[in-house]
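The values are calculated or read from the model by the stated rules, or taken from the named source; none is laboratory data. These numbers come from a predicted model, not from an experiment. All Cβ positions, even for glycine, are placed from backbone atoms using ideal geometry, and neighbour counts span all protein chains on display. All accessible areas refer to the heavy atoms of the entire protein, side chains included, with ligands and DNA or RNA removed. Shrake-Rupley method; radii C 1.70, N 1.55, O 1.52, S 1.80 Å.
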Amino acid sequence: MAVGIVGWGCKLPRNRIKLEEIAAVWGADAPSYKKGLLLYEKSVPSPDEDVITLAVGAARNALKRSGIDPRKIGAVYIGSESHPYAVKPSGTTVSEAIGCSHDVHCADFEFACKAGSESMYVAHSHVKAGEMPYALGIGADTSQGAPGDALEYSASAGAAAFIMGTEKVVATIDFTHSWMSDTPDFWRREHEHYPQHAGRFTGEPAYFRTTLGCANALLEKSGMQASDFDYCVFHQPNGKFPQRVAKMMGFDINADQFKVGWLTPWLGNTYSGASPIGLSAVLDVAKPGDKIFMVSYGSGAGSDGFIFTVTDEIDAIRNKAPFTRPQLDENKRYLSYGEYTKFRRKILRNS
Amino acid sequence: MAQTLTARVWREQPQRYRMIANRCTRTGKVFFPPRIVAPGNLNAEFEEVQLSGKGKVVTFTIIRVAPTPYADLAPYALAVIETEEGVRLTAQVSDLPIEQVKIGMSVDFEFRRLFEDNEASVIYYGYKAVPA
């Protein structure tokens with residue numbers, strides 16, 4: 001029995017802020033940031049957007065593509081590190097908004113930037129075990145970055161949703177693998193507004209050791225190599241890290257194999273949404289028979305890996321919802337740093 | 001006060017979250033929010049309809065001095081929108097500078113944060129219009 005994705009959807013905010021706009025406020029050298037991190041601009045949520053609204057937008061697009069009755073969904077999982085509430089699930093609001101029944105297993109996941117792929121992983125496992133006909137996994141974030149910190153140049157917003165099922169599967173999940181270690185490279189304590197990070201430690205050993213640990217184990221498990229894949233998607237905290245890890249793995253970073261799912265230079269780091277949104281961009285253009293390699297990364301630290309094979313079913317549903325790349329490239333509204341700080345509630349007020 | 005509002009908004013979830021309307025089985029007219037009795041023919045039999053989430057701006061006004069929960073969003077457009085089903089409703093137009101809001105423009109309804117009493121309160125969600 002083939003198990004995999006039966007519908008996917010993405011939702012990105014329209015607001016953007018350019019790297020130069022942020023750099024000018026903090027006296028930073030924009031060209032060196034652009035060159036060093038390969039970041040040009042990032043998405044910013046509107047004041048009336050948050051993880052729940054972006055997750056609903058992505059899930060509705062996934063439902064449009066799948067054409068399934070939302071009341072048949074057995075589980076709704078949302079991975080994020082910016083759930084609007086500290087205590088109260090995001091998933092219940094999303095479930096009600098997309099028209100699920102009340103007989104749903106609902107949970108919010110947190111594992112830094114890996115929470116989105118976790119939700120996909122668990123949703124897939126439920127369906128594979130025969131527990132339910134459909135399960136929904138969402139990665140969504142309105143990421144936090146402290147004013148003036150390096151993270152402020154990348155922390156952005158977006159969501160991608162994937163419905164797992166067994167009928168009319170558009171991308172089968174052939175292999176999965178997870179890899180983790182206790183590597184404290186990035187964290188946010190209770191009641192803190194912004195995360196802290198360990199500087200260069202976030203790259204090596206954290207991101208690279210973990211991503212490569214998962215990616216190599218996934219290749220070994222599948223008996224495949226980089227050249228067997230039409231597309232690869234990695235977690236993308238900046239433009240540079242995924243490029244470097246893809247090159248180390250033997251993927252061609254100058255070809256569509258890498259470039260289609262590489263969005264961070266223009267989107268920023270959508271944290272839990274990053275690799276799921278990259279996968280959404282790949283599915284938008286993938287052809288039947290294509291092989292997709294995806295490895296997420298979450299600080300703390302861990303990676304989830306997936307190998308997908310695109311099926312003939314994809315052409316029938318591809319155009320039923322908005323594509324990822326036009327949401328990134330069109331209808332953009334550029335913000336000043338002042339508007340950005342207001343939108344992100346960074347301004348301290350007495351009231 | 002906050003608890004009363006929480007309960008009221010919770011009861012309105014089908015309309016606020018999913019735009020659930022109803023259609024008179026006799027005339028086919030769609031009502032939003034749903035009616036118990038159809039005006040004109042007193043028919044009490046309806047079928048449930050989910051609005052398509054698409055419409056056109058019939059008219060609008062610009063709110064510059066907004067009530068407290070919406071103060072940070074001002075200035076914004078509040079529009080009367082006719083949906084594809086012929087229903088007219090009032091909604092904020094989001095994601096668009098006020099000078100670009102036009103009568104007759106096509107809009108989609110999206111799920112957005114509506115308001116909150118304060119940073120510790122429940123967050124209320126519902127539909128807003130965005131440019132199609």
> So which residues in the range B:112-132 are within 17 Å of the chain's Cα centre (by Cα) and either more than 11 Å from every other protein chain (Cβ to nearest Cβ) or under 20 Å from B:F31 (Cα atoms) (or both), if there are any at all?
Replying inline: B:G126, B:Y127, B:K128, B:A129
>> Being open to solvent by 20 Å² or more (accessible area, probe 1.4 Å) and over 24 Å from A:F186 (Cβ atoms) narrows it down to one residue among A:H102, A:H83; which is it?
In response: A:H102
> Which one of the conditions (1) more than 20 Å from the chain's Cα centre (by Cα); (2) in contact (Cβ under 8 Å) with a residue 12 or more places away in the chain; (3) open to solvent by 30 Å² or more (accessible area, probe 1.4 Å) does A:Y194 fail to meet, given that it meets all the rest?
Replying inline: (1)
> Pick from B:V49, B:V57, B:V87, B:V30: which is farther than 29 Å from A:Y340 by Cα, surrounded by 17 or more Cβ atoms within 10 Å (Cβ to Cβ) and in contact with a Gly (Cβ under 7 Å, 6 or more places away or on another chain)?
Replying inline: B:V30
> In the list A:D108, A:D141, which residue meets the criterion of being among the charged types (D, E, K, R) and closer than 30 Å to A:A30 by Cβ?
Replying inline: A:D141
>> Testing A:G67 on (1) out of contact with any Pro (no Cβ under 8 Å at 6 or more places or on another chain); (2) within 14 Å of another protein chain (Cβ to nearest Cβ), one condition comes back false. Which one is that?
In response: (2)
>> Among the residues of the range A:223-247, what is the count of those that are touching a residue at least 60 places away in the same chain (Cβ under 8 Å), open to solvent by 20 Å² or more (accessible area, probe 1.4 Å) and in a helix (DSSP H, G or I)?
In response: 3
>> Please go through (1) in contact with a Phe, Trp or Tyr (Cβ under 7 Å, 6 or more places away or on another chain); (2) polar (S, T, N, Q); (3) surrounded by 24 or more Cβ atoms within 10 Å (Cβ to Cβ) for A:T176 and return the number of the only condition it doesn't satisfy.
In response: (3)
>> Anything in the range A:146-159 that is touching a Leu at 6+ places or on another chain (Cβ under 7 Å) and of a type in the set (A, V, I, L, M)? List them, or say none.
In response: A:A157, A:A159
> Failed condition for A:A255, given (1) in contact (Cβ under 8 Å) with a residue 24 or more places away in the chain; (2) open to solvent by 20 Å² or more (accessible area, probe 1.4 Å), with all others met?
Replying inline: (1)
> How many residues does the range B:5-31 hold that are in a loop (DSSP other than H, G, I, E, B) and either of a type in the set (D, E, K, R) or touching a helix residue (DSSP H, G or I) at 6+ places or on another chain (Cβ under 7 Å) (or both)?
Replying inline: 3
>> Of everything in the range A:262-291, what is assigned to a strand (DSSP E or B) and surrounded by 23 or more Cβ atoms within 10 Å (Cβ to Cβ)? Give them in sequence order.
In response: A:N269
>> Criterion first (acidic (D, E), closer than 30 Å to A:Q144 by Cβ and not in a strand (DSSP E or B)) does A:E190 satisfy it?
In response: yes
> In the range B:38-55, what residues are under 21 Å from A:D48 (Cα atoms) and either away from every other protein chain (no Cβ under 14 Å) or in contact with a Leu (Cβ under 8 Å, 6 or more places away or on another chain) (or both)?
Replying inline: B:G55
> Which of the strands (runs of 3 or more DSSP E) contained wholly in the range B:35-127 include at least 1 residues that are free of Cβ contacts under 8 Å to residues at least 24 places away in the same chain and in contact with a helix residue (DSSP H, G or I) (Cβ under 9 Å, 6 or more places away or on another chain)?
Replying inline: B:54-63, B:76-83, B:106-116
>> Suppose we filter the range A:119-135 for residues that are crowded, with 24+ Cβ neighbours inside 10 Å and within 23 Å of A:A86 (Cβ to Cβ); how many remain?
In response: 1
